[in-house]
């Protein structure tokens, strides 16, 4: 658990550390201290934290400089940052009376104000309570999401992976999964499609505290951009159905796209460059398509219907997603749920092409494709959680 302390007084910093260690007995807090307003803004913009304690009065840039009330600016910086929009925050002030407008500003951004006049009692107990309340989600190293049972159970065949029995965890049907030394959960959607994917992912975000969500499985390929047997590491998800239908059948796309974070893109490119062929392509049991397939990094177009008509791809999908490699029904839903939530989690997807979304669509290659995606997904998990 990463805790950021934006505080210039050493005594207060040590007290908060002591409170956190006692309030979070099942955690191993890692503390970072920013002693000035400038250091605090830099930390907020540079990475994700699980909890932030901030003071109102801080030196601007020099730790020995005059203290100024930076509370409002810090609050805005936290909630507008890429990484900490949903991070629990406690703002500490020596002002016994805080005007209503300022209270409203902080409450709207879900930042709690604590008066620290009585350092040994009220402040200490209040901070401890907020730490305990932040520790309600179950810890999980990663969350695997699949749309089909066969996609999820393919992980059973991967070396170094163990999967537990299905059970309900906080209302979600899931299985505990171990990948090497990492322990996570596998969630298999009850139905296909982006709405179900977004709903299940949102439920997981509320119940699990996990740094990584990864979707694994199969997809269709876009002719000319990908072939059967290729693996798509989805650096972008495109909602190809978003837009406006005009008279005469003309469609104006919105071009809604969500991209993975730079760390995920780096892991994708590292895998492709270092060992894309090493894990899989020599396996004799694989069909020739998969032994000769490539590992690609690019966009996947998501829609709510199964596509098995090349004319539909050409007419309805390609104009909205010209560079898409694959077509699926879930990735955009997963990416959108996490991206819009504000939680500090990475998201990624690995899908293997089993058909070209045309009239020859069938289930012939699905089992082998699910296995390939599972193997590569485990490698991506190891890279991102190193």
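Could you grab me the full set of residues in the stretch 162-185 that are touching a residue at least 40 places away in the same chain (Cβ under 8 Å), crowded, with 18+ Cβ neighbours inside 10 Å and farther than 15 Å from residue 380 by Cβ?
185
For the stretch 341-382, give me each residue that is under 10 Å from the mean Cα position of the chain (by Cα) and part of a helix (DSSP H, G or I). Quick ask: steps written out before the conclusion?
Of the stretch 341-382, the ones under 10 Å from the mean Cα position of the chain (by Cα) are 341-348.
341, the sole residue that qualifies.
Quick check, is residue 174 in a strand (DSSP E or B), modelled with pLDDT of 90 or more and over 30 Å from residue 315 (Cα atoms)?
Yes.
So residue 347 fits all but one of (1) more than 17 Å from residue 258 (Cα to Cα); (2) modelled with pLDDT of 80 or more; what number is the exception?
Of everything listed in (1) more than 17 Å from residue 258 (Cα to Cα); (2) modelled with pLDDT of 80 or more, residue 347 misses just condition (1).
How about the stretch 111-121: which of its residues are at pLDDT below 80, surrounded by fewer than 17 Cβ atoms within 10 Å (Cβ to Cβ) and within 22 Å of residue 76 (Cα to Cα)?
Answer for the stretch 111-121, where residues must be at pLDDT below 80, surrounded by fewer than 17 Cβ atoms within 10 Å (Cβ to Cβ) and within 22 Å of residue 76 (Cα to Cα): just 115.
Against the definition (surrounded by fewer than 24 Cβ atoms within 10 Å (Cβ to Cβ), in the same structural domain as residue 295 (by TED's automatic domain parsing) and part of a loop (DSSP other than H, G, I, E, B)), how does residue 159 come out, yes or no?
yes
Anything in the stretch 247-261 that is under 19 Å from residue 378 (Cα atoms) and either out of contact with any helix residue (DSSP H, G or I) (no Cβ under 8 Å at 6 or more places or on another chain) or loosely packed, with under 15 Cβ neighbours inside 10 Å (or both)? List them, or say none.
261 - this is the single residue of the stretch 247-261 that is under 19 Å from residue 378 (Cα atoms) and either out of contact with any helix residue (DSSP H, G or I) (no Cβ under 8 Å at 6 or more places or on another chain) or loosely packed, with under 15 Cβ neighbours inside 10 Å (or both).
Right, residue 57: without any contact (Cβ under 8 Å) to a residue 40 or more places away in the chain, touching a strand residue (DSSP E or B) at 6+ places or on another chain (Cβ under 8 Å) and under 22 Å from residue 102 (Cβ atoms) or not?
yes
Counting only residues that are within 21 Å of the chain's Cα centre (by Cα) and outside the structural domain of residue 339 (by TED's automatic domain parsing), give me the helices (runs of 4 or more DSSP H) lying completely in the stretch 1-98 with at least 2 of them.
37-46, 71-80
The values are calculated or read from the model by the stated rules, or taken from the named source; none is laboratory data. Just so we're clear, the structure is a prediction, and the values are computed from it rather than from any experiment. Please note: Cβ atoms are built from the backbone with ideal geometry, for glycine as well, and neighbour counts cover all protein chains shown.
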